[in-house]
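Colleague: Take a look at this one; I'll ask things after.
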């Protein structure tokens with residue numbers, strides 16, 4: 001049963017419909033699911049095929065991805081399913097947009113994931129104008145989040161998510177959860193059209209602090225959602241104390257949300273690394289690549 005005082009939407013981060021069924025049964029609800037090339041590569045059916053030495057053709061892998069997404073969508077018809085476009089360092093905005101339009105037609109509750117890069121923001125800006133819903137992924141800085149807000153200005157509530165990746169910042173010795181706190185604070189100056197989706201959640205502490213910060217959405221792996229359920233799905237108070245240990249603080253920046261998105265500094269090494277990793281995992285599934 002969904003806790004009565006829970007205001008944050010809870011998403012599962014995964015690419016296995018069987019896992020989706022398990023989590024819905026365990027929690028009694030699920031507000032959405034996020035997928036990406038790495039998670040599709042970890043799908044048990046895909047892994048079994050690869051273990052047998054059989055890769056996919058490009059058409060087969062897109063058909064497989066569509067099948068997974070459709071199965072998940074049926075289980076959460078009132079929720080959201082994020083579908084990620086293929087992008088590497090050379091992928092142009094128009095190529096992302098073409099994929100986005102196609103993927104958006106797969107299911108009625110899709111959000112299209114674009115990377116928070118120049119090309120990704122260009123694709124998102126046009127997508128929003130066309131009525132598509134978007135989830136800007138691989139966000140690692142306040143300026144990137146500000147650019148997402150600016151590029152999608154005029155969007156309707158629920159049309160735009162931004163996904164800051166906390167765990168990957170932690171891996172580099174920075175306090176990823178502080179980025180969430182900073183973006184929550186910055187977005188209070190805006191109109192609320194961009195929702196914060198806390199991503200790359202690694203621990204129950206990440207999850208609980210995101211709840212305390214009132215992140216609009218949290219996407220977490222099944223392992224973390226199982227831990228939350230075992231503790232009877234607590235919703236911590238705003239004064240929840242998060243222990244960042246030796247992680248380096250990320251200072252808040254006073255950033256105006258009124259500038260054109262092109263004026264923000266959106267470069268980030270972790271975004272580049274994330275794009276490369278997703279592309280590698282996707283290409284690893286395809287026989288011709």
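Taken together, the values in this text are just the output of simple stated rules run on the coordinates, not laboratory data. Not measured: the values here are computed from a predicted model. All Cβ positions, even for glycine, are placed from backbone atoms using ideal geometry, and neighbour counts span all protein chains on display.
Colleague: Using the 10 angstrom Cβ neighbour count as an exposure proxy, how do 171, 16, 78 rank, fewest first?
Modeller: Lowest count first: 78, 171, 16.
Colleague: Here's another thing I want to ask about it. Subtract the Cα-Cα distance of residue 101 and residue 263 from 0.36 nm times their separation in residues, and report this length gain in nm to one decimal. Can you show the working numbers first?
Modeller: Values: separation 162, 0.36 × 162 = 58.32 nm, distance 2.68 nm.
Taking 0.36 nm per residue and subtracting the Cα distance, the gain is 55.6 nm.
Colleague: Give me 250, 10 ranked fewest to most by other Cβ atoms within 10 Å of their Cβ, as a rough exposure proxy.
Modeller: Working: 250 20, 10 23.
The order, fewest Cβ neighbours first, is 250, 10.
Colleague: Relative contact order for the range 7-134: what percent, with Cα pairs under 8 Å and sequence separation of 6 or more? Spell out each step's value before the answer.
Modeller: Details: 167 pairs, mean separation 26.8, N = 128.
In percent, rounded to a whole number, it is 21.
Colleague: Then there is this: Given axes a ≥ b ≥ c from the Cα gyration tensor, I'd like to know whether the range 1-97 is rounded (a/c under 1.5), prolate (a/b larger than b/c) or oblate. Spell out each step's value before the answer.
Modeller: Numbers: a/c = 2.67, a/b = 1.51, b/c = 1.77.
Note, shape of the range 1-97 comes out oblate.
Colleague: Shifting gears a bit: Tell me, what is the percent relative contact order of the chain, built from C-alpha pairs under 8 Å that lie six or more residues apart?
Modeller: On the way: 534 pairs, mean separation 66.1, N = 289.
Once divided by the residue count of the chain, the mean separation gives 23 percent.
Colleague: What's the exposure ranking of 140, 29, going from fewest to most Cβ atoms within 10 Å?
Modeller: Fewest-to-most Cβ neighbours within 10 Å comes out as 29, 140.
Colleague: Work out, step by step, the length gained on full extension between residue 25 and residue 191: first 0.36 nm times the residue separation, then minus their alpha carbon distance; give nm to one decimal.
Modeller: Result for the pair: 56.2 nm of gain on full extension.
Colleague: Before rounding to the nearest 500, sum -39500 (n - 2.57) across all DSSP H runs of length at least 4 in the chain and divide by the residue total; then give [θ] at 222 nm in deg cm²/dmol.
Modeller: Mean residue ellipticity at 222 nm (helix-derived): -13000 deg cm²/dmol.
Colleague: Still on this structure, I have one more. Running a GNM on the chain with Cα contacts under 10 Å, which residue among 89, 269, 199 ends up with the highest mean-square fluctuation?
Modeller: It is 269.
Colleague: For the range 148-241, what's the relative contact order in percent, using C-alpha pairs closer than 8 Å and at least 6 residues apart?
Modeller: Averaging sequence separation for qualifying contacts and normalising by length gives 27 percent for the range 148-241.
Colleague: May I ask for the distance between the Cα centers of the range 213-283 and the range 184-199, given as a whole number of Å?
Modeller: After rounding, the separation between the Cα centres reads 12 Å.
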